[in-house]
Amino acid sequence: MKYPVRYLLIVLILMLTGCATPDEYAEQQARFLKENYGLTCEKLGIKPETPEFGTCLIGLYNADLDRRRTLEYRSFHHYPHHF
């Protein structure tokens, strides 16, 4: 089957627009951490843009992941599953 070139170009453009460079990805991750955990770190008295602030952000993120994993594990293993 032969596809017209314009359809292949459209697919290629759509694929490339979703890609981010490593620097852009790092900025997205930093923005996510600051938006979700930054206020808590500030309330703990940690000044933004310091190494301690970064450590706080990552620590809160990891604690949140652990909490979510525990909840998922408990909800999955709490109820009997019949397949």
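The values are calculated or read from the model by the stated rules, or taken from the named source; none is laboratory data. Predicted, not measured: the structure shown is a model, and the values here were computed from it. Neighbour counts run over all protein chains shown; Cβ positions are idealised from the backbone, glycine included.
List every residue pair whose Cβ atoms sit under 8 Å apart, with the two residues 6 or more apart in sequence or on different chains, where the first one lies in the range 34-49 and is over 11 Å from Leu60 (Cβ atoms) and the second, anywhere, is of a type in the set (D, E, K, R) and not in a loop (DSSP other than H, G, I, E, B).
Close Cβ pairs (under 8 Å, with a partner that is of a type in the set (D, E, K, R) and not in a loop (DSSP other than H, G, I, E, B)) amount to Pro48/Lys34; Pro48/Glu42.
So, restricting to helices (runs of 4 or more DSSP H) that lie completely within the chain, which ones have at least 2 residues that are at pLDDT 70 or above?
Ranges flagged: 22-43, 51-78.
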